[in-house]
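J.: Below you'll find the structure I mean.
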Amino acid sequence: MHIFEGFLPSPWWQLWFVFSIPVIMFGMYRLNKLVSERRDLLPLLAVAGAFIFVLSSLKLPSVTGSSSHPTGTGMAAIMFGPAVTAVLGVIVLLYQALFLAHGGLTTLGANVASMGIIGPLAAYLIYKAGMKANINFYVVVFFAATFADWITYVVTSTQLALAFPSQAGGFVGSLQAFLAIFATTQVPLAIMEGALTALIFKYIIQVKSDALVELKVISQETVNKLRGISA
Amino acid sequence: MTKMLDDYALLSPLRYTNNWLKIGVVGFGILMGISSQAPLVPFSIAICMSLATLIFGRVPPKFYLKLLMGPAVFVVFSVIIIAFFFGGGPELFGFNVLDYRLGVNTGGLSMAFLVFSRTLGGMCCLFFLALTTPMVELFSVLKKTRLPDSFIELSMMMYRYIFVFLDVAWCIKHAQTVRLGYHDLRTSLHSMAMLCSTLFLRSWEQGEKTFVAMNARCYDGKMMIFEEKKTGEIFRSCIESGLHGCNRGGMVRF
């Protein structure tokens, strides 16, 4: 969820930049190294970033009648790893602020922290752990994408609660309120995104699995196994 | 197809005014708004910026209002929470929910009002930049900063492909819609997944093709773009924008 321009008061937006900038620097370092090793990756990463942006600008049909858009961060993290996703996330969030009026410039640090760093990291960890435990690929992808989406909202609620602690209960009090409104309403949407991401992977594996094998998302054996099951 | 802010920026009469001037004005407005302790300052910034966008940027007012409604849901929810949970002072009104007292007091209400005005001021500044400065112009600004080349290259290529893929996505979506691909939740989930996976595979192929094409044209990690020099123009654009510059400066000062 995007925090809009001007919403976070003074010490907090700077603090979130302090949190995000080192991670982005590390991501850029990794990116530079990757690109100098394999030059053909740069165009590929560019189209991946554009893909995330387009994905996030598509409206997802929603249960309540209101529409929400997939964040796509879980998927990106599974495909490209969290460090590169952080760099792509910064660019995508900047474009969203400037093209679609989602988010803002001073709140960019906080938004990058929730949507570009922590959410994708959670997805990546869940994905890696799940694959190690030999659970079905689609189930793992479903959980990774669902939690990436949901954790993003939890982080945003935490950011808001830290900036605006309540009179009576302090940070915990307002965290409960923000979580109640943003995190619980997000649960069905997060599940939708998880299902969507799992379906996307299913179609990709059916049509052209080499792309995923080349990105080292899954091994050829897993593809064969999945195809054997679905055939 | 949805119109993006960049489309308006490319046609904007303020497109060719100096980029640094625009960024400076917007940055100043955003920082003033966010650091102010009274709602008056961000509100006046919002009014000035909106007037500048509407009059000098010639943005259709209807479109501008629709843009302002974008953040509304998030802002309204969060502001209500702040009003209920933040600040002290005498209680203005309240009610009991399941033995739990919910009340709005003066401190919370004024904080909510302040946050609302800051967001409004910030969004108006952002809209001004987004609606008058196309990304192409911002790239030349980015190139002057010390960001790594690969980062800027990446954002430039992404910018180009956003439009290519948006086009593909909308074509597929229209085709699916006329075939009743979105008539209920189940089918729309499937259609959406099909759309996204096709888009991914298309973009993957496009990425490979682009690399071949760029390699064939001796790409060595640096894309050269033509950039008009606007250094001499800064004084002219200062005079040109003097009217709204003064206007804005005068309003911001108090």
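J.: Just one of the numbered conditions (1) open to solvent by 10 Å² or more (accessible area, probe 1.4 Å); (2) of a type in the set (V, I, T); (3) touching a Phe, Trp or Tyr at 6+ places or on another chain (Cβ under 9 Å); (4) within 10 Å of another protein chain (Cβ to nearest Cβ) is not true of A:I205; which one?
T.: (1)
J.: Here's another thing I want to ask about it. Would you be able to say whether some residue in segment A:171-184 is more than 11 Å from chain B (Cβ to nearest Cβ), touching a residue at least 60 places away in the same chain (Cβ under 8 Å) and not aliphatic (A, V, I, L, M)?
T.: No, segment A:171-184 has no match at all.
J.: While we're looking at this one, here's another question. Among the residues of segment B:169-180, are any crowded, with 20+ Cβ neighbours inside 10 Å, modelled with pLDDT of 85 or more, out of contact with any Pro (no Cβ under 9 Å at 6 or more places or on another chain) and not assigned by TED's automatic domain parsing to the domain that holds B:L21?
T.: Among the residues of segment B:169-180, at least one is crowded, with 20+ Cβ neighbours inside 10 Å, modelled with pLDDT of 85 or more, out of contact with any Pro (no Cβ under 9 Å at 6 or more places or on another chain) and not assigned by TED's automatic domain parsing to the domain that holds B:L21, which makes the answer yes.
J.: Which condition number in (1) open to solvent by less than 30 Å² (accessible area, probe 1.4 Å); (2) aliphatic (A, V, I, L, M); (3) modelled with pLDDT of 85 or more is the one that A:V35 fails?
T.: Of (1) open to solvent by less than 30 Å² (accessible area, probe 1.4 Å); (2) aliphatic (A, V, I, L, M); (3) modelled with pLDDT of 85 or more, only one is false for A:V35: (3).
J.: Residue under question is B:L31, and the condition is that it be aliphatic (A, V, I, L, M) and either open to solvent by less than 70 Å² (accessible area, probe 1.4 Å) or within 15 Å of the chain's Cα centre (by Cα) (or both); does it hold?
T.: So B:L31 does not fit the description; no.
J.: Further question: Would it be correct to say that A:Q167 is open to solvent by 60 Å² or more (accessible area, probe 1.4 Å), polar (S, T, N, Q) and either without any contact (Cβ under 8 Å) to a residue 24 or more places away in the chain or touching a helix residue (DSSP H, G or I) at 6+ places or on another chain (Cβ under 8 Å) (or both)?
T.: yes
J.: Looking at segment A:142-170, which of its residues are of a type in the set (V, I, T) and more than 12 Å from chain B (Cβ to nearest Cβ)?
T.: If the condition is that a residue be of a type in the set (V, I, T) and more than 12 Å from chain B (Cβ to nearest Cβ), then A:T146, A:I151, A:T152, A:V154, A:V155, A:T158 are the ones that fit.
J.: When you go through (1) among the β-branched types (V, I, T); (2) more than 18 Å from the chain's Cα centre (by Cα); (3) open to solvent by less than 10 Å² (accessible area, probe 1.4 Å) one by one for B:V41, which number turns out not to apply?
T.: (3)
J.: Let me ask something else about it. Please go through segment A:81-129 and pick out each residue that is within 12 Å of chain B (Cβ to nearest Cβ), touching a Pro at 6+ places or on another chain (Cβ under 9 Å) and open to solvent by 20 Å² or more (accessible area, probe 1.4 Å).
T.: If the condition is that a residue be within 12 Å of chain B (Cβ to nearest Cβ), touching a Pro at 6+ places or on another chain (Cβ under 9 Å) and open to solvent by 20 Å² or more (accessible area, probe 1.4 Å), then A:H102 is the only one that fits.
J.: Could you pull out every one of the helices (runs of 4 or more DSSP H) wholly within segment B:1-70 that has 1 or more residues that are touching a residue at least 24 places away in the same chain (Cβ under 8 Å) and over 17 Å from B:S117 (Cβ atoms)?
T.: In segment B:1-70, B:5-11, B:19-35, B:61-69 are the helices (runs of 4 or more DSSP H) which contain 1 or more residues that are touching a residue at least 24 places away in the same chain (Cβ under 8 Å) and over 17 Å from B:S117 (Cβ atoms).
J.: Can you confirm whether A:A190 is open to solvent by less than 80 Å² (accessible area, probe 1.4 Å), away from chain B (no Cβ under 12 Å), of a type outside the set (S, T, Y) and part of a helix (DSSP H, G or I)?
T.: yes
J.: Quick test of your reading of the structure: A:I218 fulfils all but one of (1) assigned to a loop (DSSP other than H, G, I, E, B); (2) open to solvent by 40 Å² or more (accessible area, probe 1.4 Å). Name the failing condition by number.
T.: All conditions pass for A:I218, except number (2).
J.: What is the residue count in segment B:161-178 for residues that are under 18 Å from B:V136 (Cβ atoms) and more than 8 Å from chain A (Cβ to nearest Cβ)?
T.: Qualifying residue count for the region: 1.
The values are calculated or read from the model by the stated rules, or taken from the named source; none is laboratory data. Just so it is clear, the structure is predicted and the values come from calculations on it, not from any experiment. Backbone-built Cβ (ideal geometry, glycine too); neighbour counts: all protein chains shown. Ligands, DNA and RNA are excluded from the accessible area calculation, which covers all protein heavy atoms including side chains. Shrake-Rupley method; radii C 1.70, N 1.55, O 1.52, S 1.80 Å.
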